[in-house]
1. Between ILE218 and PHE28, how many nm apart are label points set 7 Å from Cα along the C-beta direction?
2. If you rank ARG238, ARG137, ARG74, ARG106 by fewest surrounding Cβ atoms within 10 Å, what's the result?
3. Tell me, ILE146, ILE29 in order of fewest to most beta-carbon neighbours within 10 Å?
4. Kindly provide the helix-only [θ] at 222 nm of the chain, computed as the sum of -39,500 (n - 2.57) over DSSP H runs of four or more divided by all residues, to the nearest 500 deg cm²/dmol?
5. Just want the ordering: THR43, THR151, THR98, from fewest to most Cβ atoms lying within 10 Å of their own Cβ.
6. With both partners inside the stretch 119-229, how many of the DSSP beta bridges are antiparallel, as a percent to the nearest 5?
7. Once both labels are modelled 7 Å past Cα along the beta-carbon direction, what's the ARG137-ARG169 spacing in nm?
8. State, to one decimal in nm², a quarter of the convex hull surface area for the C-alpha atoms of the chain, i.e. the direction-averaged projected area.
Amino acid sequence: MYTGRDIAKVLELIAPLESGVPGDELGFIFGDPDQQVTGVGCTWCAHARSIQLCADQGLNMIICHEGIRMPEQRSPWYDGPKTAEEIVSNRVQSELLTKHKMVVYRSHSNWDALPGNGVADQAVAALQIEGLKTVARQKFFSVQEIPRPMTVRELKSYVDRGLDYTSCRIFGDSTKLVRRFSFLIGGFGENQFHMPQAARDMGAEALIIGEMSEFIVIAALEMGIPVIETLHSVRNPRYQTPSGTAGASPPGPSRPLHPQRRRHVRLEQVN
Ligand SMILES: [Fe+2]
Ligand SMILES: [Fe+2]
């Protein structure tokens with residue numbers, strides 16, 4: 001048996017905490033890191049259904065991407081729950097995590113940033129466009145060149161199929177022919193106001209985004225950049241997350257990142 005801390009050590013060999021964004025919430029966020037782990041579930045969010053699914057599988061460690069508690073209500077625009085404990089979602093999650101003696105570890109910007117196997121590169125890989133070439137890169141996104149011009153509508157068809165999600169929306173000119181695009185994963189289309197401009201300045205002619213702020217999309221349209229909107233939580237259906245039975249092999253740097261041969265309980269894609 002291994003403790004949560006043993007498992008974290010392995011994960012951090014792959015995606016060191018220092019490789020994430022300074023100040024980002026990373027590492028253990030609930031429970032006892034020294035408890036013996038019966039199994040690990042990898043989830044996007046540790047919301048109630050995911051926690052319950054983990055418990056049903058006999059797992060007592062969750063590696064999640066997003067945080068587990070909603071922030072307190074501080075907005076002057078309305079009266080709402082006064083404390084974090086009054087927020088129903090927080091209470092439900094805490095009760096389930098406590099009841100099932102879960103330990104929760106958050107792997108966020110350090111996993112986004114991971115070259116190749118990280119969220120940003122895996123999102124591009126999911127599109128399965130043959131002959132893509134990376135022509136520019138920042139830590140959390142890249143500009144990809146398609147071997148031939150294609151319309152935004154055709155690019156969307158790769159997104160639909162690649163992410164197995166057919167409710168993607170196009171904003172802007174769907175007939176525009178493009179050669180270069182950026183995939184701004186997860187919440188970047190919602191909380192990183194000038195990332196579209198940065199992508200454009202690096203050569204992107206179209207954007208694929210996760211969560212959407214209409215203001216950000218309008219700003220992209222003002223730059224002549226069409227936008228394909230997906231969802232924060234959509235996943236690469238072909239990607240195997242590094243979850244599985246914690247006791248299957250000893251912690252160490254030689255453990256495979258794509259453990260196809262090990263048992264997996266994929267609840268949601270880490271995104
Ligand atoms: Fe996030
Ligand atoms: Fe995210």
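Since every read-out is calculated from the coordinates, none of them should be taken as a lab result. Keep in mind it's a predicted model, so treat the numbers as computed, not measured. A quick note on method: Cβ atoms are made from the backbone with ideal geometry, for glycine too, and the neighbour counts reach across all protein chains shown.
1. About 4.7 nm, to one decimal.
2. Ascending number of Cβ neighbours within 10 Å: ARG74, ARG238, ARG137, ARG106.
3. Going from sparsest to densest Cβ surroundings: ILE29, ILE146.
4. Value at 222 nm, helices only: -7500 deg cm²/dmol.
5. Fewest-to-most ranking of THR43, THR151, THR98: THR98, THR151, THR43.
6. 65
7. Rounded to a tenth, the inter-label distance reads 3.3 nm.
8. Value for the chain: 15.2 nm².
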